[in-house]
1. I need the full set of residues from the stretch 180-218 which are touching a residue at least 24 places away in the same chain (Cβ under 8 Å) and surrounded by fewer than 16 Cβ atoms within 10 Å (Cβ to Cβ), in order please.
2. Sort out which residues of the stretch 117-136 are assigned to a helix (DSSP H, G or I) and touching a Leu at 6+ places or on another chain (Cβ under 7 Å), and write them in order of number.
3. Can you name the residue in the stretch 354-373 that is under 24 Å from the mean Cα position of the chain (by Cα) and part of a helix (DSSP H, G or I) and is also farthest from the ligand (Cβ to nearest atom) among such residues?
4. Taking the condition within 16 Å of the chain's Cα centre (by Cα) and free of Cβ contacts under 8 Å to residues at least 60 places away in the same chain, does residue 259 pass?
5. Looking only at the stretch 142-190, which residues are aliphatic (A, V, I, L, M), within 29 Å of residue 307 (Cα to Cα) and either modelled with pLDDT of 95 or more or in contact with a helix residue (DSSP H, G or I) (Cβ under 6 Å, 6 or more places away or on another chain) (or both)?
6. Somewhere in the stretch 354-365, is a residue touching a Leu at 6+ places or on another chain (Cβ under 7 Å) and surrounded by fewer than 20 Cβ atoms within 10 Å (Cβ to Cβ)?
7. I'm told residue 354 meets every condition in (1) in contact (Cβ under 8 Å) with a residue 60 or more places away in the chain; (2) out of contact with any helix residue (DSSP H, G or I) (no Cβ under 8 Å at 6 or more places or on another chain); (3) charged (D, E, K, R) except one. Can you identify the failing condition by its number?
8. So how many residues does the stretch 92-116 have that are surrounded by 21 or more Cβ atoms within 10 Å (Cβ to Cβ) and over 21 Å from residue 36 (Cβ atoms)?
Amino acid sequence: MSEKGFFGEFGGSFLPDDLAKVLAILDEQFETYRKDPDFVEEFSYYLKEFVGRENPLTYAKNLTEQVGGAKIYLKREDLNHTGAHKINNAIGQILLAKRMGATRIIAETGAGQHGVATATACSIFGMECTIYMGKLDTERQALNVFRMELLGAKVVPVDSGQGRLKDAVDAALADLVENYETTFYLLGSAVGPHPFPTMVKYFQSVISEESKRQILEKEGKLPTAVVAVAGGGSNAIGAFAHYIDEESVRLIGVEPAEAPTLTEGVPAVIHGFKCLTLLDEQGQPKPTFSIAAGLDYPGIGPEHSYLKTSGRAEYVTVTGDEALEWFQQLSKVEGIIPALESAHAVAHAVKLAKELSKEDVIIVNLSGRGDKDVQQVYNMLHK
Ligand SMILES: *Cc1c(COP(=O)(O)O)cnc(C)c1O
């Protein structure tokens, strides 16, 4: 990374002055605390005692034998408290917020997963919590709204614009500008203006810190490839982080074919940072549709945009139908129901395993569990 959060031409911070000022303070505080051993230790403590880390790197023996190629290992983010990787980042940012003296957390959420992780973390740290959510999304995700309320959060339906995620982001940013002295904006993926992509990567890097140690213990060598699904890019950047300097390890990001940001996107500034983005004819961020709600975002983290254009990582697409197939297959042969998002990564890992030899090792980041998707899959299969 070069100065002010640029990854090659991507990243940076393109913001009005009032917001730029708030994020400059955040940047400075984050840089201070990431070097503070007390802070690092407190983060590790909660990852262990509350999230349940370290989670296993499970050898998927049945799947490997069925596919007949490279050995497939699953990094089990699905076993974290609340069922996905998002809690790693929520805990990290709340600890930072506390040190910065904030008493109130705000966040945006689309399908509700980041809202639930944030509300959970606010609950244990006794922070007031306000979640902005598009009005349309609150109606479609009524159960997640109730979950957040159970956890003590206030959910604010945003009626402006199209009543979707983008409008919720705008409302949260307006709140931040007005209340920055008491309020911390907890962003959910490795996107947004500097320092968010760098900060989210830092908190999610625990995934590859663990998996690297675990694979060396189990196999005595580094993996041939690490495969992760990329929505905004936070689980993928966390799964890649400790391998980026290991040139022999292939890094493979999987996108939904219905929102192929890295495969088909062009450089553009959206939501205050530059990344590869899907644009419509008017040059506006294009509405996307993936069967996995967590993958519905027209942009992608700036570091992935750079890893793609520099050639360090590869990005491929998987269709919703393929993900649906491997959602069922993994459940059946390994006893693990994956999130629909994670099923995209499994689908590609299986294709890759067939091309590789039995000496090769693939790590798939299983970003979350599929309990949240069971009703939706039932509806899709029975309609
Ligand atoms: C939110 C989510 C994703 C996508 O977000 P990233 O920031 O790209 O990781 C992937 N998998 C699961 C289970 C999610 O909840």
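The values are calculated or read from the model by the stated rules, or taken from the named source; none is laboratory data. Since the model is a prediction, treat every value here as computed from it, not as a measurement. In this analysis, Cβ positions are derived from the backbone assuming ideal geometry, glycine residues included, and neighbour counts consider all displayed protein chains.
1. 182, 209, 218
2. Narrowing the stretch 117-136 to residues assigned to a helix (DSSP H, G or I): 117-125, 135-136.
Across the stretch 117-136, the qualifying residues are 118, 119, 120, 123.
3. First, the residues of the stretch 354-373 that are under 24 Å from the mean Cα position of the chain (by Cα): 361-373.
After this cut, where a residue has to be part of a helix (DSSP H, G or I) as well, the list is 371-373.
Details: 371: 11, 372: 8, 373: 9 Å.
Residue satisfying both the conditions and the ranking: 371.
4. Details: within 16 Å of the chain's Cα centre (by Cα): yes; free of Cβ contacts under 8 Å to residues at least 60 places away in the same chain: yes.
For residue 259, the condition - within 16 Å of the chain's Cα centre (by Cα) and free of Cβ contacts under 8 Å to residues at least 60 places away in the same chain - is met.
5. 186, 187, 190
6. no
7. (2)
8. Filtering the stretch 92-116 for residues surrounded by 21 or more Cβ atoms within 10 Å (Cβ to Cβ) gives 92-94, 96-97, 102, 105-110, 112-116.
Filter again for over 21 Å from residue 36 (Cβ atoms), leaving 106-110, 112-116.
So the count comes out to 10.
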